[in-house]
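K.L.:
Following this message is one structure expressed as structure tokens.
What follows draws every value from the coordinates through simple rules; no lab data is involved. Small disclaimer: the values here were computed from a predicted structure and weren't measured. Note that we place each Cβ from the backbone using ideal geometry, even for glycine, and neighbour counts take in every protein chain shown.
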Amino acid sequence: MIDDRAVLERAADVRFRAVDDETVVIRQEAAEALVLNEVAGRILELVDGRRTVGEIIDRLFEEFDAPRDALAEDVCAYLRELVAAGLVLGA
């Protein structure tokens, strides 16, 4: 379960780079590429194995104009998708 106290990290084979308003993600072992929007790319960037989900939400709240409760719900849902896709570990 992903909650404010969870600490997540990117999978070892995940590489990414921001290009304009998108983030290109490469999963080396799976030989697949993904393109994420600006917010999704920023979430992936903030998942570093040190920050809690709550700290990630706080940082995004400072950067984007969105209600914190809605932002927290969306971030947790997106992190669950990243975990299910194997891009993020630790939940």
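K.L.:
If I ask for residues that are touching a residue at least 24 places away in the same chain (Cβ under 8 Å) and part of a strand (DSSP E or B), which ones from segment 1-17 would you list? Let's see the steps before the verdict.
P.N.:
Going residue by residue through segment 1-17, those that are touching a residue at least 24 places away in the same chain (Cβ under 8 Å) are 1-11, 14, 16.
Answer for segment 1-17, where residues must be touching a residue at least 24 places away in the same chain (Cβ under 8 Å) and part of a strand (DSSP E or B): 7, 9, 10, 14, 16.
K.L.:
State all residues of segment 1-40 that are of a type in the set (A, V, I, L, M), more than 20 Å from residue 76 (Cα to Cα) and surrounded by 13 or more Cβ atoms within 10 Å (Cβ to Cβ); if no residue qualifies, say none.
P.N.:
Matches in segment 1-40: 18, 24, 26, 30.
K.L.:
Going through segment 42-62 one residue at a time, which ones are out of contact with any Ser or Thr (no Cβ under 9 Å at 6 or more places or on another chain), in contact (Cβ under 8 Å) with a residue 24 or more places away in the chain and under 20 Å from residue 22 (Cα atoms)?
P.N.:
The answer is 43, 47, 48, 57.
K.L.:
From 11, 18, 40, 31, grab the single residue that is among the aliphatic types (A, V, I, L, M) and at positive phi. Outline the logic, then answer.
P.N.:
Details: 11 fails: at positive phi; 18 fails: at positive phi; 40 fails: at positive phi.
That would be 31, the only listed residue that is among the aliphatic types (A, V, I, L, M) and at positive phi.
K.L.:
Under 6 Å by Cβ, and 6 or more places apart or on different chains, what pairs join a residue from segment 63-78 that is within 15 Å of residue 52 (Cα to Cα) with one that is part of a loop (DSSP other than H, G, I, E, B)?
P.N.:
Qualifying pairs under 6 Å: 76/2.
K.L.:
Then there is this: Could you list, in sequence order, all residues of segment 26-64 that are closer than 21 Å to residue 12 by Cβ and either among the polar types (S, T, N, Q) or in a loop (DSSP other than H, G, I, E, B) (or both)?
P.N.:
Scanning segment 26-64 gives 28, 29, 30, 31, 47, 48, 49, 50, 51, 52.
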